[in-house]
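Quick notes on the structure that follows.
Derivation of every value follows stated rules applied to the coordinates shown; laboratory data play no part. All figures in this text were calculated on a predicted structure; none of them were measured in a lab. Heads up, the Cβs are rebuilt from the backbone with ideal geometry, glycines too, and the neighbour counts pull from every protein chain shown.
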Amino acid sequence: MIEVKALASSSKGNCYHITDGKTPLLLEAGIKFKEIQRKLDFQTSKIKACLITHEHKDHCAGVPDMLKNGKNCYMSKGTAEAIGIEGHRVKTINAKESFTVGTWTILPFEVEHDVAEPLGFLLANEDGDKLLFATDTYYIRYKFKGLTHILCECNYSLDILNKNIADGRIPKMMKKRLLRSHFSLKNVKEFLEANDLQKVREIWLLHLSDNNSDERRFKDEIQALTGKPVYVP
Amino acid sequence: MSKNKQELAMIKKDTVDVVAGKVKQFQEKGELHFPTNYSPENAMKSAWLKLQEIKTGKQDGYRPVLEVCSKDSVANSLLNMVVQGLNPAKNQGYFIAYGHSLTFQRSYFGTMAVTKRVTGAQSIDANVIYKGDEVDYEMKHGKITNLTHKQKFGNIDKEKIDGAYAVIVLPNDQVYYELMTMDEIRQAWSKSQMWGKDQKEEKKGSTHDEFKQEMAKKTVINRACKKFINSSDDGSLVIDHFNQTDESAEEAQVEEEISNNANGDVIDIEYNEPEPEQEPEQPSDQPDDDLEQAAMDFEQKEAQTTNGPSF
């Protein structure tokens with residue numbers, strides 16, 4: 001049984017603690033290590049490793065301290081170069097080449113974001129649970145089988161964004177970037193509809209935009225669409 | 001065949017006639033004035049003839065756009081064209097389908113036409129600066145003024161372009177200049193769908209390479225017009241549509257890209273039994289010819305290339 005705990009989930013920082021009861025992992029380290037420690041009641045010694053999707057600060061700010069504290073950080077070569085870190089604890093991985101960390105088998109895959117070499121992760125464990133982690137991607141290239149946990153970005157809704165632009169709250173230029181870098185509510189829905197959700201137990205909507213989202217509405221709409229418990233940290 | 005004709009007549013009724021009605025409303029309310037030499041009816045007729053011939057891309061099996069695209073998108077693209085006072089018969093723009101939405105995209109001739117109309121500009125010209133040319137200008141109130149450019153015929157060499165500038169001459173003899181270095185021009189080109197992700201210079205034999213001067217002029221004119229039009233008038237129906245043209249094309253492009261690429265092959269792993277899978281690589285682009293039409297063709301082709309990398 002997988003347990004998910006969101007330590008931070010926004011453009012100010014992203015960090016998720018997941019465990020199958022045997023191997024605890026961090027997905028992203030986009031906040032300071034101190035904060036990670038605090039949010040986990042200083043129970044960080046068991047964390048086996050950390051998976052990083054890309055080089056933006058809100059996803060990797062805590063990486064240097066993680067490394068100092070002896071945690072392996074897995075990321076693509078492009079991401080490691082863009083952050084500018086190296087060392088024996090930095091494990092570079094390639095899309096579609098699976099690896100294992102403790103009781104997890106992990107398959108990284110390419111995602112669509114305006115950075116060097118961003119990745120998403122599919123994680124399977126011996127209990128037959130399968131967790132998908134995909135953030136900062138304006139769509140997902142693939143479909144998946146037998147997912148039990150979906151953690152995916154749901155950044156903005158086009159109608160809210162357009163209203164914000166019309167009202168002058170958001171500069172127009174931002175829209176151009178958002179369209180090709182972040183997951184919109186509509187596209188998240190299409191992704192969920194394209195996948196077999198039979199075994200899904202939890203859906204987590206991550207990284208909601210401060211201005212261009214509506215937590216209550218996103219949760220309700222995804223819940224209505226899927227009939228699954230939806231969490232918005 | 002007759003069924004086909006009937007269907008076409010229905011689409012026409014739902015799009016062309018609706019747009020014509022809307023345009024009339026705008027005119028009656030005084031929100032829209034056309035120059036005497038522009039007939040919205042004629043532009044619409046030209047557009048309708050063109051639309052019947054345009055086919056979708058490969059992904060939709062080269063079907064007629066009028067069969068594939070939503071009526072709303074057809075009507076919107078026609079409205080967009082008419083409000084800006086453009087005519088596809090004069091190469092001022094073209095219609096392109098992205099998935100199920102049709103968009104109207106202005107060519108740079110169109111951009112110049114709208115700029116002239118909105119600002120009353122007398123002329124819009126551009127020129128290329130070669131290595132060794134003498135260029136002199138002053139900055140007054142943060143604006144470039146009195147730009148002079150002396151060129152020796154021997155300096156002309158497309159491999160030695162230092163930059164380009166555009167000049168918009170206004171009715172009161174005021175002049176607006178836009179100046180770009182070659183680096184800035186390349187930066188703009190690199191946003192093109194035809195450029196690879198880390199491409200720094202134009203590829204040998206590409207349109208940007210072969211018609212470098214024309215392309216540089218086109219780029220600087222486009223920038224001059226877009227900046228000028230947005231700074232010169234405090235918003236009108238025409239300017240809204242001028243800006244909307246770019247925006248709706250952008251939205252439609254992203255939508256098509258997503259529907260082509262998203263949620264494709266299944267990838268999977270089992271615990272301790274990794275099964276990595278391969279994805280076929282996507283092909284890139286190819287070049288084209290002819291100088292006069294090059295800029296136009298290029299714009300059109302660029303807009304149609306949807307498999308290119310994002311940025």
Full extension between A:Lys91 and A:Lys46 adds, at 0.36 nm per residue less the Cα distance, a length in nm of 14.3 nm
One point scatterer per Cα, no solvent, Debye formula: log10 I(q)/I(0) for the stretch A:3-231 at q = 0.10, 0.11 Å⁻¹ comes out as -0.43, -0.52
Counting only backbone N atoms under 11 Å from a point 7 Å out along Cα-to-Cβ of B:Met139, the residues of the stretch B:188-213 in range are none
Contour minus Cα-Cα span, A:Lys39 to A:Glu81, at 0.36 nm per residue, comes to 12.2 nm
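Which FRET efficiency value, to the nearest 0.05, do you get for B:Glu201 and A:Lys57 by plugging their Cβ-Cβ distance into 1/(1 + (r/R0)^6) with R0 = 45 Å?
After rounding, the FRET efficiency stands at 0.90.
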Simple SL model, points at 7 angstrom along Cα→Cβ for B:Lys116 and B:Tyr177; separation in nm is 2.4
Of A:Ile140, A:Ile93, A:Ile160, the most mobile residue in a GNM of chain A (C-alpha springs, cutoff 10 Å) is A:Ile160
Simple SL model, points at 7 angstrom along Cα→Cβ for B:Gln27 and B:Ser231; separation in nm is 3.5
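Under the classification rounded if a/c is under 1.5, otherwise prolate if a/b is larger than b/c and oblate if not, where does the stretch A:133-233 fall, given a ≥ b ≥ c as square roots of the Cα gyration tensor eigenvalues?
Prolate is the answer for the stretch A:133-233, as a/c is 1.5 or above and a/b outweighs b/c.
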Each label sits 7 Å from Cα toward the beta-carbon; between A:Glu3 and B:Val169 the label points are separated, in nm, by 7.8
Shielding of A:139-151 by other chains, given as the mean Cβ count within 10 Å, works out to 4
For the stretch A:3-231, averaging the sequence separation of alpha carbon pairs under 8 Å that lie six or more residues apart and dividing by its residue count, the contact order in percent is 14
In deg cm²/dmol, rounded to the nearest 500, the helical mean residue ellipticity at 222 nm of chain A, built from -39500 (n - 2.57) for every DSSP H run of length 4 or more, is -7000 deg cm²/dmol
Set A:Lys96/B:Lys58; B:Lys50/B:Lys158; B:Lys13/B:Lys191, cut-off 32 Å on Cα-Cα distance; pairs above it are B:Lys50/B:Lys158; B:Lys13/B:Lys191
